[in-house]
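Peer 1: Below you'll find the structure I mean.
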Amino acid sequence: MNFWFATNNEHKRKELQAILGGILIHIPRDRGLSFDPEETGTTFVENALIKARALYELVKEPVIADDSGLCVDALGGRPGIHSARYGEKEGKKLDSHERNQLLLAEMAGIQDRRAHFVCAMVLYFGRDRFYLVQETLEGELATEERGNGGFGYDPILYLPQYGKTVAELSEEEKNRISHRGKAGRILRQILEQV
């Protein structure tokens with residue numbers, strides 16, 4: 001059975017492929033498909049479903065979609081569902097490093113640094129048959145970027161229990177404890193039963 005992952009992000013595909021094991025996962029650009037659905041949801045779950053439905057309409061095969069982001073308690077949950085599009089500079093989207101720097105600047109001098117990653121993941125077989133899961137990874141916002149692994153906000157989410165940021169973990173450690181790793185393993189269990 002073919003599975004599609006509703007993303008153009010190669011890092012996310014690589015992570016999910018490792019979590020799911022031997023399942024081959026296609027992404028839209030593998031087949032030259034234009035895929036950039038407007039994420040109009042107000043929650044991670046709603047946006048994951050929007051992506052799943054949009055890709056399913058293109059490929060008519062099972063789709064895995066996720067929406068994930070970083071939520072900072074002291075910022076009222078921001079960047080949240082806007083994590084990938086957080087901040088602008090001269091009318092242009094920021095890259096990951098620039099977003100991290102913006103967030104660190106916004107948090108300068110703030111004592112409450114609690115933050116967490118959220119991953120809402122959906123396994124979509126069509127409008128009448130889909131499975132949803134949402135998982136988190138709790139941590140604290142670091143005061144500077146640390147580590148070269150991972151992507152996105154990984155260099156600034158510090159995990160006190162490990163004494164490292166997510167970007168300082170090995171790929172295996174990250175996949176074992178991360179929000180996407182936990183959600184992906186639940187979906188793998190579902191896949192084994194369907």
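Peer 1: Please give, to one decimal in nm, the separation of the simple spin-label points placed at Thr42 and His11, each 7 Å out from Cα toward the Cβ.
Peer 2: In this crude spin-label approximation the distance works out to 3.0 nm.
Peer 1: To the nearest 10 degrees, how steep is helix 44-59 against the longest Cα principal axis of the chain, on a 0 to 90 scale?
Peer 2: Around 40 degrees separate the two axes.
Peer 1: Please order Thr43, Thr165 by the number of other Cβ within 10 Å, starting at the fewest.
Peer 2: Values: Thr43 14, Thr165 24.
If I rank by nearby Cβ atoms, fewest first, I get Thr43, Thr165.
Peer 1: Show me the ranking of peptides 85-97, 54-66, 107-119 by mean Cβ neighbours inside 10 Å, starting with the highest. Write out the running numbers ahead of the final one.
Peer 2: Details: 85-97: 11.8, 54-66: 19.6, 107-119: 15.2.
Output ranking for 85-97, 54-66, 107-119: 54-66, 107-119, 85-97.
Peer 1: Still on this structure: Can you tell me the length gained on complete extension of the stretch Asn148 to Asp73, counting 0.36 nm per residue apart and subtracting the Cα distance? The partial results should precede the final answer.
Peer 2: Numbers: separation 75, 0.36 × 75 = 27.00 nm, distance 2.50 nm.
Roughly 24.5 nm would be gained on extension.
Peer 1: Remind me, relative contact order of the chain in percent, using alpha carbon pairs under 8 angstrom and six or more residues apart? Before the final figure, lay out the partial values.
Peer 2: Numbers: 362 pairs, mean separation 36.6, N = 194.
So the answer I get is 19 percent.
Peer 1: In addition: Between the helical axis of 10-20 and the dominant principal axis of the chain, each derived from Cα atoms, what acute angle in degrees is found, rounded to the nearest 10?
Peer 2: That helix lies at roughly 70 degrees to the long axis.
Peer 1: How many angstrom separate the Cα center of the stretch 64-90 from the Cα center of the stretch 16-34?
Peer 2: Rounded to whole Å, the Cα centres lie 24 Å apart.
Peer 1: While we're looking at this one, here's another question. Modelling each spin label as a point 7 Å along the Cα-to-Cβ direction, I'd like the Gln189/Lys93 distance in nm, to one decimal.
Peer 2: Calculated label separation equals 3.4 nm.
Peer 1: Also: Given the chain, what count of lysine pairs have C-alpha atoms under 17 Å apart, with each pair 8 or more places apart or on different chains?
Peer 2: 8
Peer 1: Report D for the chain in µm² per second (integer): Stokes-Einstein, Kirkwood Rh on Cα pairs, 37 °C, 0.692 mPa s. Before the final figure, lay out each step's value.
Peer 2: Numbers: Rh = 17.1 Å.
Estimated via Stokes-Einstein, D reaches 192 µm²/s.
Computed from the coordinates by the stated procedures, all read-outs in this text should not be read as laboratory data. Quantities reported herein were computed from a predicted structural model and do not represent experimental measurements. Here the Cβ is made from the backbone with ideal geometry for all residues, glycine too, and neighbour counts use every protein chain on show.
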